[in-house]
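J.: Questions regarding the structure given below will be posed in turn.
The values are calculated or read from the model by the stated rules, or taken from the named source; none is laboratory data. The structure displayed is predicted, hence computed values, not measured ones. Cβ coordinates were reconstructed from backbone atoms using ideal geometry, including for glycine residues, and neighbour counts include every protein chain displayed. The protein model used for the area step is the full one, side chains on, heavy atoms only, and it has no ligands, DNA or RNA in it. Shrake-Rupley method; radii C 1.70, N 1.55, O 1.52, S 1.80 Å.
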Amino acid sequence: MHFAPEKAVERLLRPRSETYVTADLVPGAAEIVLDIENIDLADGSIEVIVCSHVLEHVDDAKALRELRRILCRDGLAILMVPMVHHWETSFERPAPTVEERIKYFGQFDHIRRYGRDFVQRVKDAGFAVEAFSPTPEECIEYGLGLGSVTYFARPETV
């Protein structure tokens, strides 16, 4: 399940999966319409989730809990967010105006920029988290921002 699919990532992943499905809140933007804060899918029904640069647009606590709920026991969520790695905590503005979003986040549709507390936010939703930092060559090859980090989240076992 790929939320808010980027065409370049979709071209990379679709041929490698038997059951690749895209989802977005906006009708026509993906194969199915889903609200990441209230996902209309069964518990444990998804094996792999790709969620790249989505969580900064939504109530991330709700979205992460929903991602955890639909992920199967042995599943994997691949998460990427805009982050400032030297910030201890995330910077956010609840219910910002469009002007504030542009001023603070450089985009009209962001409500936060993450700091290092992102990992704890993911853990709080019931995940174990590992960070992966690609090499500069991998960033170029896969179209990732230099210095970006990809987070691999798996359901926390009790």
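J.: How would Glu88, Glu37 rank on accessible area, largest to smallest, probe 1.4 Å? Don't skip to the answer; put the middle values down first.
T.: Numbers: Glu88 130, Glu37 60 Å².
Ranked list, largest accessible area first: Glu88, Glu37.
J.: Suppose every K and R has +1 on its Cβ and every D and E has -1 on its Cβ; what is the size of the dipole of the chain about the Cα centre, in Debye to the nearest 20? Write out the running numbers ahead of the final one.
T.: Numbers: 18 positive and 27 negative charges, 40 e Å.
It works out to roughly 200 debye.
J.: Please state the shape class of region 1-74: rounded when a/c is under 1.5, otherwise prolate if a/b exceeds b/c and oblate if not, all from the C-alpha gyration tensor.
T.: oblate
J.: Ignoring solvent entirely, what values of log10 I(q)/I(0) come out of the Debye formula for region 32-99 at 0.20 Å⁻¹ when each Cα is a single scatterer?
T.: So the normalised log intensities are -0.89.
J.: Under the rule of at least 5 residues apart or a separate chain, name every residue whose amide H is placed under 5 Å from the amide H of His2.
T.: Val21, Thr22, Ala23, Val50
J.: Another question, if that's okay. Could you order peptides 8-14, 92-98 by the average number of other Cβ atoms within 10 Å of their residues, highest first?
T.: Working: 8-14: 13.4, 92-98: 11.6.
Final packing ranking: 8-14, 92-98.
J.: Can you run phi through the Karplus equation (6.51, -1.76, 1.60; θ = phi - 60°) for region 13-25 and list ³J(HN,Hα) in whole Hz, with x for Gly and Pro?
T.: Per residue, the Karplus-derived 3J(HN,Hα) values read 8, 3, x, 9, 9, 6, 10, 5, 9, 9, 9, 7, 6 Hz.
J.: Amide H neighbours of Glu156 under 5 Å, counting only residues 5+ apart in sequence or on other chains, H built in-plane at 1.01 Å?
T.: Hits under the 5 Å cutoff: Phe127, Ala128.
J.: For Arg14 and Glu47, what is the calculated FRET efficiency with R₀ set at 22 Å and r taken between the beta-carbons, to the nearest 0.05?
T.: 0.90
J.: Right, another one. Can you give me the three principal axis dimensions of the chain from its C-alpha atoms, in Å, biggest first?
T.: Here the spans come out as 41, 39, 36 Å, largest first.
J.: Please list, in order along region 74-85, the HN-Hα scalar couplings obtained from phi with the Karplus expression 6.51 cos²θ - 1.76 cosθ + 1.60 (θ = phi - 60°), rounded to whole Hz, x for Gly and Pro.
T.: Per residue, the Karplus-derived 3J(HN,Hα) values read 9, x, 9, 10, 9, 10, 9, 9, x, 9, 10, 5 Hz.
J.: Per residue of region 66-73, what does 6.51 cos²θ - 1.76 cosθ + 1.60 with θ = phi - 60° give for ³J(HN,Hα)? Whole Hz please, x for Gly and Pro, Karplus curve as stated.
T.: 5, 4, 4, 5, 7, 7, 5, 3
J.: What FRET efficiency comes out for the pair Ala29/Arg116, r = Cβ-Cβ distance, R0 = 35 Å, nearest 0.05?
T.: The value I calculate is 0.65.
J.: Here's another thing I want to ask about it. Amide H neighbours of Leu76 under 5 Å, counting only residues 5+ apart in sequence or on other chains, H built in-plane at 1.01 Å?
T.: Close amide H contacts, sequence-distant or interchain: Val48, Ile49.
J.: If you roll a 1.4 angstrom probe over the protein chains with everything in place, what fraction of the accessible area of the chain belongs to carbon and sulfur, to the nearest %?
T.: In the chain, the share of accessible area belonging to carbon and sulfur is 54 percent.
J.: With the other protein chains left in place, how much accessible area per residue, in square angstrom, belongs to region 11-53 at a 1.4 angstrom probe?
T.: 66
J.: Which value, in Å² and to the nearest 10, is the accessible area of Phe108 when all protein chains are kept and the probe is 1.4 Å?
T.: It works out to around 130 Å².
J.: Okay, moving on. Taking every DSSP beta bridge that has both residues in the chain, what percent is antiparallel when rounded to the nearest 5?
T.: Once the DSSP bridges in the chain are tallied, antiparallel ones form about 50 percent.
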